[in-house]
Amino acid sequence: CWPKNRPARFAGLRAYGAFLVSAELAGGRVQSVRIVSEKGRTCTILNPWPGKSAHALRNGVKSETVNGDRFSLATAPGERIELTPCL
């Protein structure tokens, strides 16, 4: 619901399932989404890049490409995941 022509970011937003979520909007699009799993549960996220796939980095290492309207990611306690759009 944020105007796409205005940059924004948030960090450490607590989400259901024991996740901390951070993201940034710049240049009219979401640049990345970062997730820290506190309990190691499955994380489901609405794709912030509709119609595109995303690269997932786990603890800084490229691990997989995810696609679809929603991404479901198995996580481990303390794991850091960063999602970025595939170009």
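The values are calculated or read from the model by the stated rules, or taken from the named source; none is laboratory data. Please read all numbers here as calculations on a predicted model, not as lab measurements. As a convention, Cβ positions derive from the backbone with ideal geometry for all residues, glycine included, and neighbour counts pool all protein chains shown. Keep in mind that these areas ignore ligands, DNA and RNA; they rest on the heavy atoms of the full protein, side chains included. Shrake-Rupley method; radii C 1.70, N 1.55, O 1.52, S 1.80 Å.
Taking only pairs six or more apart or across chains, which ones have beta-carbon atoms under 9 Å, a first residue in the range 44-60 that is of a type outside the set (S, T, N, Q), and a second residue that is assigned to a loop (DSSP other than H, G, I, E, B) and surrounded by 16 or more Cβ atoms within 10 Å (Cβ to Cβ)?
Ala54/Asn47; Ala54/Pro48; Arg58/Thr75; Arg58/Glu79
What tally of residues in the range 46-62 results from selecting those that are outside any strand (DSSP E or B), farther than 20 Å from Ala15 by Cα and touching a Pro at 6+ places or on another chain (Cβ under 6 Å)?
So the answer is 1.
Against the conditions (1) among the hydrophobic types (A, V, I, L, M, F, W, C); (2) closer than 20 Å to Cys1 by Cβ; (3) open to solvent by 50 Å² or more (accessible area, probe 1.4 Å), where does Val61 fall short? Just the number, please.
The single condition Val61 does not satisfy is (2).
Please verify whether the range 76-83 includes one or more residues that are in a strand (DSSP E or B), open to solvent by 90 Å² or more (accessible area, probe 1.4 Å) and at pLDDT below 95.
no
Enumerate the pairs (first residue in the range 72-86 and at positive phi; second residue anywhere and in a strand (DSSP E or B) and surrounded by 12 or more Cβ atoms within 10 Å (Cβ to Cβ)) with beta-carbon separation below 8 Å, excluding pairs fewer than 6 apart on the same chain, so at least 6 apart or on different chains.
Gly78/Val36; Gly78/Ser37
Here is a list of conditions, (1) open to solvent by less than 40 Å² (accessible area, probe 1.4 Å); (2) modelled with pLDDT under 95, and Ala54 meets all of them except one; can you say which number that is?
(2)
Pick out the one residue from Leu73, Leu13, Leu20 that is of a type in the set (A, V, I, L, M, F, W, C) and open to solvent by 90 Å² or more (accessible area, probe 1.4 Å).
Result: Leu13 is the single residue among Leu73, Leu13, Leu20 that is of a type in the set (A, V, I, L, M, F, W, C) and open to solvent by 90 Å² or more (accessible area, probe 1.4 Å).
Give the residue that is least open to solvent (accessible area, probe 1.4 Å), with candidates limited to residues of the range 1-10 that are in a loop (DSSP other than H, G, I, E, B) and in contact with a strand residue (DSSP E or B) (Cβ under 9 Å, 6 or more places away or on another chain).
Ranking the candidates gives Pro7 first.
Please tell me if Gly68 is open to solvent by less than 30 Å² (accessible area, probe 1.4 Å), more than 11 Å from Thr84 (Cα to Cα) and either outside any loop (DSSP other than H, G, I, E, B) or not β-branched (Val, Ile, Thr) (or both).
no
If I go through the range 23-48 residue by residue, how many of them are over 15 Å from Asn59 (Cα atoms) and open to solvent by less than 50 Å² (accessible area, probe 1.4 Å)?
So the answer is 9.
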